[in-house]
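Peer 1: Below you'll find the structure I mean.
Only the coordinates and a few stated rules stand behind these numbers; no lab work does. Just so it is clear, the structure is predicted and the values come from calculations on it, not from any experiment. FYI the Cβ positions are ideal-geometry reconstructions off the backbone, even for glycines, and counts take in every protein chain you see.
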Amino acid sequence: MSDGFEARIANYLSAKLEGVQDVQVSNLSRIHGGASCETYRLRARYHESGRLVDRGLILRRDPPSGLIETERATEFAAYNAFQNSPVPVPEVFWLENDPQWLDRPFFVMAEVENCAAGSILAADPYGAHAEKIGAQFWTALGQIAASPPERLAGAKIAIPQSRDCWRVELAKWEQVIDEDEREPQPVARAAIRWMKRHPPPPPQRLCVVHGDYRTGNFLFDVEGNVRAILDWEMVHAGDPHEDLGWALDPLWSPHLPGRPGGMIAPRDAIKFWEKASGLMVDRVALTWWRMFAMVKGLAIWISAGAEYQDGKNVDPVMAFSSWYCTAMHNRALADALMRDGRGLT
């Protein structure tokens, strides 16, 4: 990482941190794995009230081009909304839209240190802590589902009519496929037709939807404590079954199909979710939203392939997503369609 970028970040921190001297930035490194924004880890050292402060920070910046169109302001507002709540999130400090600092919008938050994120490619990402982590993971998702959309007032998100939230979300991801497909997508198109013919029942209530709640998007420590739920860039208001369907998707645990996300059995996951959310799972709705999760996934992977093929983003994550994830979701979705959605709950 260039010293110039470190110096620019140090200048920004100097402007934001009142009453401090000698701000220095070191150990700046890119955290790879996501492709909807750029994430950097760094150390900030400065003197405050005569003492040396040395702390870890995370910087999230809009990319030139990404898997999905997101805004740092929305993600920043979501982190703010869940500060001091049962849902663990990092502390956030500053949202910056002025391009003079780092060319593109970004925000800065605290690093949650001495933690790791699970990988969907790991054979057993949580090992002996799988049950403990699973209980916390699904409970936190239930707590998010218990949150009304008004909690996200700072994010200025649109709140759909309850009966239309499925239509809004399906139209959004169908448009992504329309715009980004570089070859016919018969499986995705068949699934979209099926979903339009079989709309889900309206949600029991609208809630905060994280939008990308899964293995890889939370941090846990060596004792198996979930320390932070991350990656809120797709947060919106909608049906709580939407997050549930995404988190249950087989893509997140290819080596452990009986343990969504590599954690615990679906029946146990749903029990934790129901207890924390105060809701009961509607099996018909969950079938639809699990189908939706695969269509949404395909839209994202198709977009990744288009970005990579067009040279707009040459991050290898884009190529991998387009190849590996598209193939997995096409197979799973084709199987679900052959069974008319049966077996997805």
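Peer 1: Along the principal axes of its C-alpha atoms, what lengths does the stretch 31-186 span, in descending order and rounded to whole Å?
Peer 2: Cα spread of the stretch 31-186 along its principal axes, largest to smallest: 63, 47, 35 Å.
Peer 1: Given +1 on the Cβ of Lys and Arg, -1 on the Cβ of Asp and Glu, and no further charges, what dipole in debye does the stretch 3-110 carry about its Cα centre, rounded to the nearest 20?
Peer 2: Once rounded to the nearest 20, the dipole reads 300 debye.
Peer 1: For the chain, modelled as a Gaussian network with Cα springs under 10 Å, which listed residue fluctuates most, 259, 60, 51?
Peer 2: 51
Peer 1: Alpha carbon centre of the stretch 229-292 versus the stretch 320-345: separation in Å?
Peer 2: For the stretch 229-292 versus the stretch 320-345, the Cα centre distance is 16 Å.
Peer 1: Taking N as the number of residues in the stretch 3-110, what is its Cα Rg relative to 2.2 N^0.38 Å?
Peer 2: 1.09
Peer 1: Then there's this: Can you spot the lysines whose alpha carbon is less than 30 Å from residue 172's alpha carbon? Ignore those fewer than 8 places along the same chain.
Peer 2: 156, 196, 296, 312
Peer 1: To the nearest 20 debye, what charge dipole does the chain have about its Cα centre, counting +1 at the Cβ of each Lys and Arg and -1 at the Cβ of each Asp and Glu?
Peer 2: 1000
Peer 1: Which listed residue (309, 272, 287) has the Cα farthest towards the positive end of the charge dipole for the stretch 264-315, taking +1 on Lys and Arg C-beta and -1 on Asp and Glu C-beta about the Cα centre?
Peer 2: 272
Peer 1: Also, quick follow-up: For the chain, what is the convex hull volume of the alpha-carbon atoms per residue, in Å³?
Peer 2: 135
Peer 1: For labels at residue 80 and residue 128 in the simple 7 Å Cα→Cβ model, what's the distance in nm?
Peer 2: Taking the simple label geometry, residue 80 and residue 128 are separated by 4.3 nm.
Peer 1: Given charges of +1 on the Cβ of Lys and Arg and -1 on the Cβ of Asp and Glu, with all other atoms neutral, how large is the dipole of the stretch 148-220 about its Cα centre, in debye to the nearest 20?
Peer 2: Charge dipole of the stretch 148-220: 360 debye, to the nearest 20.
Peer 1: Here's a follow-up. Using Cα pairs closer than 8 Å and at least 6 residues apart in sequence, work out the relative contact order for the chain, in percent.
Peer 2: About 18 percent, as a whole number.
Peer 1: Just 294, 109, 318 to compare: in a GNM of the chain, with alpha carbon springs under 10 Å, which one fluctuates most?
Peer 2: Top of the fluctuation ranking is 109.
Peer 1: In nm, give the distance between the simple-model label positions of residue 337 and residue 53, each being 7 Å from the Cα along the Cα-to-Cβ direction.
Peer 2: Distance between label points: 5.5 nm.
Peer 1: Hey, in the GNM for the chain with a 10 angstrom Cα cutoff, which one of 206, 298, 42 fluctuates hardest?
Peer 2: 42
Peer 1: Within the stretch 239-280, name every residue whose backbone N is under 18 Å away from a label modeled 7 Å from Cα of residue 163 along the Cβ vector.
Peer 2: Inside the label zone: 239.
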